[in-house]
Structures are given as structure tokens and as C-alpha cells.
Amino acid sequence: MTMIFVEPDDEAATDVPVRRISFTVNGQKKIAEVEPRLLLSHLIRRGLGLTGTHMGCDTTNCGACTVLVDGRPAKSCTMLAVQADGHEIETVEGLAGASELHPLQEGFRAEHGLQCGFCTPGMMMAAKALLAENPNPTEEDVRWALSGNLCRCTGYQNIVKSVLWAADKLRPASGAEPDGSAAEASTEVTAEG
Amino acid sequence: MYPSRFRYEAPRSIQETISLLHEHGDDAKVLAGGQSLVPLMKLRFASPGLVVDINNIGGLGYHRADPDGSLRIGALCRHADLERSALLNGMQPVMAAAAPLIADPIVRQRGTLVGSLCHADPQGDWASVIAALEGRVVVRGPAGTRTIAMADFITGPFQNALEADEVAVEVIIPAPRATPAGGYLKLERRVGDFATVGVAVAVERTGERVTRAGIALTGVGGSTINAAEAAAALVGQPLTAETIDTAADLAAQAARPRTDHRGSAEYKRHMVRTFVTRILSSEARKTSTADGSERAA
């Protein structure tokens, strides 16, 4: 177990109401002592050093800071770190295995789903929640599920393709949908690999 | 951005919540979904000395139908639960129409209906929906439980009828006495933006005639607007082009929109008229084609 201490600013720490919380991040158990006003995004980035979770707008609009809390997507700039107590947090760092990328990450690479990459971690986490709930999304389903995540580079086209690519890859081979776009995506996998 | 410093308590029961609120009064704030409160605290529009997080209280995440047909929505029922609810799709078309239009998909995972009502944002969608359905808010405090009609619950912009030591625990939508119908339409510049205009229309009909109607408006006044005259004009009438026009005009007159970056007052008023007409015309078409059976494709 890891012990971390995070202090949000320079004020004297004597009067600060600190709470001890325990939670898991990407499957690892953590204990932290945090001030209640510390945001979950700051605990993740500064406390845990997991800087894959990005802070974009800081006003609950852009979704760059999206993580999964017990499997459900949440904007981590709009949740207090103390609220993670007893819960499971998953960040973009939890997607890849030791030696291979998660199909979503592969999909974003194969379909050029990012340009500057700032929104990408949030897009992937929102997409992961979508695919867990609906393994066979339509393009419309993907657009709907990602409508809380802003991207200023891509115009979203390739992000949507990337998620559909991942959905196709994650589907059990035997139960493959006889769907035109999925077939197209598989061809590209072969071409790429 | 950080909120200013506060103390945090996460009680395990409503009773404990009430004690904390009683002890700290106006200095305490209840945290449910936090999708409005946390941003407000970060911007320092709100600086409570104590945040009482009710998320650890079990048994508040429900929405269910009572045997008599009324609906109950608990304080921790998230927008996303309502969006995916087969129950709402089957029995409450106005709420089913509104649920997918709240904020954005990620905010809907945490935000709550009851919290949204308490927040009393003039641009909040649920307040109009629940007002049109004549819902009631169940409130608990040191003196016990009381029930407040939605029409009386919001007392002004960002103001509700709760005493400092009371907490809203559930919302009740009364059982329909006839076939429930209606909808919610929202004009927003992009997903997640506040409503430029939102219109909730709830009607119940026996045969061709409207037996009950509720119309409420989002974003076109200092708080949620109950267009009671527009609704009253429908009762006892069939839905025809004329009765729909009259109701739409009265609803537009009830609006008190202001010109801002989302549109001119005249435009917003026009949209109120258009939305009322659209919802009611769609209902009128359903009966004329489906011979009384609602929810036709």
C-alpha cells in the first residue's frame, strides 16, 4: 500500500481538516490523507503522479479529466478526493497491459483518433464505459456517449471511428456482427498489422 | 480552482444528516451528485463551512412505482438511472423525454434529480418537468417529514423552500388518472449547455378530451415558470389546431425571457410557442393515427 500526502496550498497546515481515505487506483490499493477541498483530479495528478488524466476547462465542460469511478465515468475535476473513499478509480494508465495496448488505444492509433492528444484520455475512459454497457454501439451511440467530451482538433470523425474499431476488436470473433463498418475496420487491422 | 476551505462529513443516515444540518444551519450544504455544487464552490459562488455528503446513505438511489401508480424518485437517483429506465419509458413519457437532455452523459452519471430541484437554477430542466407533472418534494427535518408541492418548492432563482436543517429525500409524481402523455423539448446551443428555452408539457386524456394538463418553462424567467393559464385552457378540450394554438399563445405570454447571449427575448418567446405546439401536435397525431393506444411508434 502506498502512503501519500497532498497539501493543496501553502497555508499553515495546522487547522486543516484532513481526512484519511482508502481507495483503489487501477487495481492498486492506496491510502491518502487529504483535505476535503482537494479535487479528485488533483489527487490523481499531483498525489498519485498519474498525469494521464488531464485538466482542461476545470468547469465540468470538457471531459478531459474523465475517469471511471466504480466503472461509471465521472469528471474528476467535479468530484472531491474524499468522495473516492472506498471506491475504485480507473484512469487511462489502467488501460494498457504490461506489454500491449488496450483495444481502445490501438483503435485511436489505427484510426488517427487524436491530434494534440489532450482530450484523448477522457475520450478513452468515456468510451470504455460505453463499450462495457453496450458492446455493439452504432456510430450514433458513440457520438451520444462522447457528447460530454470536447475535442478541438479532430472534428470527432476519427475519434468515433477509433471507438468503433475498438468495439469491433473487443467483440468475440464468433459472434461478429455482419455489419459493413465492422468488416471495413477488420480489413484495416490486417493492413496495419 | 479550489473551493475555499470547508469541513466535510459523510453521515450514514438521514437522521445524522439532519443533526448536522441542525447544528450548523446556513453554514452547511448538502452534497448529492455535486455537479452544480462543486463547480459553484470552485468558482467561490458558494463557500459553505460544512459539506454534508449524503452519498454514503444507503437506500436513496431508487426510482420506483407504487401500486397506485405514483412514482417515487430517491435523493440519490442519478439522471443516468432515469435515462436508462424501462419504468419511465413505460409510464412517464415527459420524464423519459427529459432525462437524456440533462447536461451531458458524464454529468448525468453523478447528478441527481432531487439535487437539481434543490439547486433551483432557472435554467434547470427537471424543475419544469416536475412542476408540469404536479410533483411533490418530500422533506425531512428535526420536526419530522413534510411534503412541498413543486409549485411552492422553488421560491426564486437558486432558492428553495427548505429550512436550513431540512433535507429533501424524495420526489413523488402523483399517479395519472388517465393516460399520461406529453414531452419535454429543450433548445441548447450544444450538449451540456444551459437551456436557452425548455418546455415541459404533461397532459392526461380520457378519449379525445384532456382531463389534466401541466405546462412549465425553463430558462425564460428568473425561476421556473408555471404556465398555469395555458394548461387550464386545455382541460376539457380535445387537442385541435385551435386549442393547441391558444395554449401555445398563453404559454408564450407567461414567459418572461430576457435578451442575452443565447438569444433575444422575442426569439425565446417564439420558441416557447413553437415547443408547446410541437409537443401537443405530436400527441394529437398519436391518437388520430393510433386509435387511442398511446406510445405508438
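Give me a comma-separated list of calculated 3J(HN,Hα) values for the stretch A:160-169, in order, Karplus coefficients 6.51, -1.76, 1.60 applied at θ = phi - 60°, integers in Hz, x for any Gly or Pro.
Taking θ as phi minus 60°, the curve returns 4, 4, 4, 5, 5, 4, 5, 4, 4, 5 Hz for the stretch A:160-169.
Using 0.36 nm times the number of residues separating B:E163 and B:N89, minus their current alpha carbon distance, what extension gain do you get?
Fully extending the segment from B:E163 to B:N89 adds 23.2 nm.
Taking the dipole about the Cα centre of chain B, with the C-beta of Lys and Arg at +1 and of Asp and Glu at -1, give me whichever of B:P3, B:N160, B:V138 is farthest to the positive side.
Of the options given, the answer is B:P3.
So if I take the centroid of the Cα atoms in the stretch A:71-134 and the same for the stretch B:137-163, what is the distance between those two points in Å?
39 Å
Go through the stretch A:51-151 and name the GluC sites (Glu not before Pro) that are in a DSSP coil and have 12 or fewer other Cβ atoms within 10 Å of their Cβ.
Loop-located and lightly packed - A:E100.
What nm distance separates the two modelled labels at A:Q115 and B:E266, each placed 7 Å from Cα along Cα→Cβ?
Each label point is offset 7 Å from its Cα along the Cβ direction, giving 3.9 nm.
Could you work out how much longer the chain between B:R146 and B:A65 gets when fully extended? Use 0.36 nm per residue separation minus the Cα distance between them, nm to one decimal.
27.1 nm
Explain nothing, just compute: Karplus ³J(HN,Hα) = 6.51 cos²θ - 1.76 cosθ + 1.60, θ = phi - 60°, for every residue of the stretch B:152-165 in order, whole Hz, x for Gly and Pro.
Calculated HN-Hα couplings, in order: 9, 6, 8, 9, x, x, 6, 10, 10, 8, 5, 6, 4, 9 Hz.
So who's got an amide H within less than 5 Å of the one on A:H87, skipping anything under 5 residues away but keeping other chains? H placed 1.01 Å off N, in plane.
Those lying under 5 Å, H to H, from A:H87 are A:T24.
Taking the Cα centre of the protein assembly as shown as origin, work out the dipole magnitude from +1 charges on Lys and Arg Cβ and -1 charges on Asp and Glu Cβ, in debye rounded to 20.
The dipole of the protein assembly as shown has a size of about 460 debye.
Between 0 and 90 degrees, rounded to the nearest ten: what's the tilt of helix B:241-254 against the longest Cα principal axis of chain B?
Its long axis makes an angle of about 30 degrees.
Restricting to DSSP loop positions (anything but H, G, I, E, B) with no more than 15 other Cβ atoms inside 10 Å of their own Cβ, which chymotrypsin sites (Phe, Trp or Tyr not before Pro) remain in the stretch B:1-55?
Within the stretch B:1-55, the qualifying chymotrypsin sites (Phe, Trp or Tyr not before Pro) (loop, at most 15 other Cβ atoms within 10 Å) are B:F45.
What are the residues whose amide H is under 5 Å from the amide H of B:G182, where those residues sit 5 or more places off or on another chain and H is modelled from the backbone?
For B:G182, whose amide H was placed from the backbone, the distant partners under 5 Å are B:V203.
In nm, what is the difference between 0.36 nm times the number of residues separating B:R44 and B:T240 and their Cα-Cα distance?
The span from B:R44 to B:T240 would gain 65.6 nm if fully extended.
Can you work out the Karplus-derived ³J(HN,Hα) for every residue in the stretch B:193-205? Use 6.51 cos²θ - 1.76 cosθ + 1.60 with θ = phi - 60°, whole Hz, and x for glycine or proline.
With coefficients 6.51, -1.76 and 1.60, one gets 6, 5, 5, 6, 8, x, 9, 10, 10, 10, 9, 10, 10 Hz.
In debye, nearest 20: dipole of chain B around its Cα centre with unit charges on the Cβ of K, R (+) and D, E (-)?
Charge dipole of chain B: 640 debye, to the nearest 20.
Cα centroids of the stretch B:26-101 and the stretch B:260-289: how far apart, whole angstrom?
About 27 Å separates the Cα centre of the stretch B:26-101 from the one of the stretch B:260-289.
Any read-out appearing in this document is the output of simple, stated calculations on the displayed coordinates, not a laboratory observation. What you see is a predicted model, and the numbers here were worked out from it, not measured in a lab. In this analysis, Cβ positions are derived from the backbone assuming ideal geometry, glycine residues included, and neighbour counts consider all displayed protein chains.
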